[in-house]
């Protein structure tokens with residue numbers, strides 16, 4: 001990589017890591033808010049869904065803003081907005097305050113993915129290496145967000161922990177705004193076989209025409225697949241620390257772990273939070289394997305196989321809670337597959353969208369995954385409130401089954 005490539009890649013890595021650090025801090029905080037605000041899981045699920053929905057809904061406008069104002073300024077604004085939102089969250093007076101703060105976070109964070117991907121595409125000549133490092137940084141944030149939050153909750157109350165989390169975003173925004181690089185250095189470097197930059201959408205008429213051209217029958221099926229995968233993703237992760245706590249409690253008690261089996265030490269060392277973080281770390285390996293599979297198999301087949309595994313994992317999760325080893329095994333399978341299917345999903349999106357509309361295609365699919373997918377938190381919260389923790393997993397299996405049925409239609413079309 002040349003110096004310009006390295007500066008852009010480093011800047012994008014910081015932004016990607018911070019977005020997912022904040023995103024995955026929220027499920028850990030939910031376990032505290034359930035007691036702090038005496039709120040039901042349904043209420044908190046709906047509250048969290050607001051921020052996550054805006055995280056996805058802003059993807060298309062974010063892409064248009066990046067085209068108009070440049071990615072560097074938009075990413076700096078994203079980082080500043082996320083840090084400021086968590087500062088606001090630290091003084092939230094109740095569920096309404098949580099909704100407002102997470103809504104502000106969702107709006108700020110929504111700009112990152114289209115801006116970051118556009119920055120790498122237009123500014124980095126060694127794009128493959130840049131995208132690899134970019135993905136690794138995102139995975140580090142996915143695992144590091146809940147881990148850091150859980151660690152901060154040991155010595156601090158949740159408000160102080162959230163205030164501390166606000167600082168890195170604000171510092172990164174100031175530092176990033178001073179980094180010097182050429183955002184368009186790779187625009188002329190496409191003669192080596194790389195894709196040309198996405199065709200600019202300059203007016204609402206252009207946008208509508210591009211959207212109509214994008215939504216072929218195949219892309220519409222892919223859109224449905226990623227939508228239901230997004231619902232599964234959000235429903236599984238938002239309350240997973242709480243669910244793991246429910247399932248771990250009898251196992252910890254039966255193990256007679258001395259001082260860890262009860263008392264204040266057990267309250268401080270919430271094993272479910274660290275297990276949740278461990279499952280996300282396993283997801284890093286899943287991302288790597290999924291990425292390698294995109295070069296070895298047709299993406300439709302790989303995606304269908306991954307979704308099938310998620311359906312099986314959802315059906316096996318509750319029976320596996322009877323023993324610690326089986327709970328760890330099925331939890332690891334969930335983390336590995338949930339993140340392993342993402343490269344396969346991205347490859348499938350690319351296969352069913354034209355190169356000159358690739359940016360718009362990812363804008364729409366991020367809207368589906370993070371925007372519509374945010375409803376998964378509300379669905380899981382409602383099930384927890386009006387049914388039982390065990391009932392969440394048949395919900396996940398049903399969402400996965402719909403996605404699998406759609407994925408199989410692509411496999412049969414290929415044949």
* Scan segment 63-76 and give yes if some residue there is within 21 Å of residue 140 (Cα to Cα), crowded, with 18+ Cβ neighbours inside 10 Å and under 16 Å from the mean Cα position of the chain (by Cα), otherwise no. => no
* Run down 212, 234 and say which single residue is surrounded by 13 or more Cβ atoms within 10 Å (Cβ to Cβ), at pLDDT 75 or above and assigned by TED's automatic domain parsing to the domain that holds residue 376. => 234
* Asked: Does residue 166 count as modelled with pLDDT of 90 or more, surrounded by 22 or more Cβ atoms within 10 Å (Cβ to Cβ) and either within 30 Å of residue 35 (Cβ to Cβ) or out of contact with any strand residue (DSSP E or B) (no Cβ under 9 Å at 6 or more places or on another chain) (or both)?
  -> no
* To do: Please work out which residue is nearest to the chain's Cα centre (by Cα), limiting yourself to segment 25-44 and to residues that are buried (at least 22 other Cβ atoms within 10 Å of the Cβ) and over 16 Å from residue 101 (Cβ atoms).
  => 31
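The values are calculated or read from the model by the stated rules, or taken from the named source; none is laboratory data. Since this is a predicted model, take the numbers as computed values, not measurements. Using ideal geometry, Cβ is built from the backbone for each residue, glycine included, and neighbour counts are taken over all protein chains shown.
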